[in-house]
Amino acid sequence: MRVLVTGSRGHLGDALCRTLRALGHDVVAMDVLEGSSITDRACVRDRMAGVQCVLHIATLHKPHIVTHEPQRFVDTNITGTLILLEESVRAGVESFIYTSTTSVFGRALSGWITENVIPLPKNIYGVTKRAAEDLCELAHRRDGLPCLILRTSRFFPESDDNPAAREAYADDNLKANEYLYRRVDIEDVVSAHLLAMDRAKDIGFDRLIISATTPFAPSDLPALQDDAPSVVRRLIPEYETVYARRGWRMLPSIDRVYDNARARSTLGWRPRYDFRSVIARDDIRSPLARAIGAKGYHAQVFADGPYPVA
């Protein structure tokens, strides 16, 4: 299959390009770092020739909020997506997979988070990603383009953007904690995209949360907010021995949990990495995550961590 991958030089884009090529697909790569912008319609039209599936990953991210004007987010995340959708329809593309983010939920991020939670974006990143999702839905309903939206939780390898969190927890400790409720390994993100490619024509349109499978149930939420370690101890008692050996600490409170049940049911997705599996490993990263490494978000280095914080 001929597949167009936007944002091909980024973290997920690189992982997908490598995997697709290893599987024998014909990959057409687009990335602004290589001089091919999704906001350039002529460039998009040229790259779209013969493409059967589009994996649209290119985006400005949350860490760009301090360094990029809001208009840049609109241009890239909204206008760029619109151009890709229109050119996909024109070229007769068979499926369009849009990589979105759980950040679209914004101010709604508390409690048990499913696709039924109404997003309340809290910054320009979330606003533009949600608007791009709606453009995908419009392209499906108006033009019949099969579109699946994958709302991914955290899979970036860089340190946390919260200085207080970086100070309080070792990096692997914090990331391991997040597998309980808001993190996913890049290998599982890639497998979700591959399944979405195969299933998009049959499904038509959907929004799906892509996050590690949580051990929690909705009934655990009150206790998680009051005393998260006691809930984890009850469900995964072996964690205490591992954490004691590594000098790690559990989060005292967890205020939200992403539920991936719909993605597992709709796509037949079976993520391999969850909290229990990652704490059993010496390296919490999958082989693909280790191979891809960290890409970063900016060319420059900042005094306070990997990116400036607003």
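The values are calculated or read from the model by the stated rules, or taken from the named source; none is laboratory data. None of the values given here were measured: they were computed from a predicted structure. Here Cβ is always computed from backbone atoms with ideal geometry, including for glycine, and neighbour counts include all displayed protein chains.
Which of (1) hydrophobic (A, V, I, L, M, F, W, C); (2) surrounded by 20 or more Cβ atoms within 10 Å (Cβ to Cβ); (3) within 22 Å of the chain's Cα centre (by Cα) does Leu33 not meet, given it meets every other one? Here Leu33 clears every test but (2). Across region 260-277, the qualifying residues are those that are buried (at least 21 other Cβ atoms within 10 Å of the Cβ) and in contact with a helix residue (DSSP H, G or I) (Cβ under 8 Å, 6 or more places away or on another chain), and the one among them that is nearest to Leu221 (Cα to Cα) is Phe275.
Residues in region 189-217 that are under 12 Å from Thr152 (Cα atoms) and not in a helix (DSSP H, G or I): Arg207, Leu208, Ile209, Ile210, Ser211, Ala212.
If you check Ser110, Ser159 for being over 23 Å from Arg262 (Cα atoms), among the small types (Gly, Ala, Ser) and out of contact with any Leu (no Cβ under 8 Å at 6 or more places or on another chain), only one passes: Ser159. When residues in region 41-91 are screened for being outside any helix (DSSP H, G or I) and of a type in the set (S, T, N, Q), 3 of them pass. Annotation: of all residues in region 236-259 being more than 30 Å from Ala196 (Cβ to Cβ) and aliphatic (A, V, I, L, M), the one that is surrounded by the most Cβ atoms within 10 Å (Cβ to Cβ) is Met250. With respect to (1) at pLDDT below 95; (2) closer than 20 Å to Asn177 by Cβ; (3) acidic (Asp, Glu), the lone exception for Glu240 is condition (1).
Filtering Arg245, Arg249 for residues that are assigned to a loop (DSSP other than H, G, I, E, B) and among the basic types (Lys, Arg) leaves a single hit, Arg249.
When you check Ile124 against the structure, is it surrounded by 19 or more Cβ atoms within 10 Å (Cβ to Cβ), in contact with a Phe, Trp or Tyr (Cβ under 6 Å, 6 or more places away or on another chain) and over 15 Å from Asp206 (Cα atoms), yes or no? For Ile124, the condition - surrounded by 19 or more Cβ atoms within 10 Å (Cβ to Cβ), in contact with a Phe, Trp or Tyr (Cβ under 6 Å, 6 or more places away or on another chain) and over 15 Å from Asp206 (Cα atoms) - is met.
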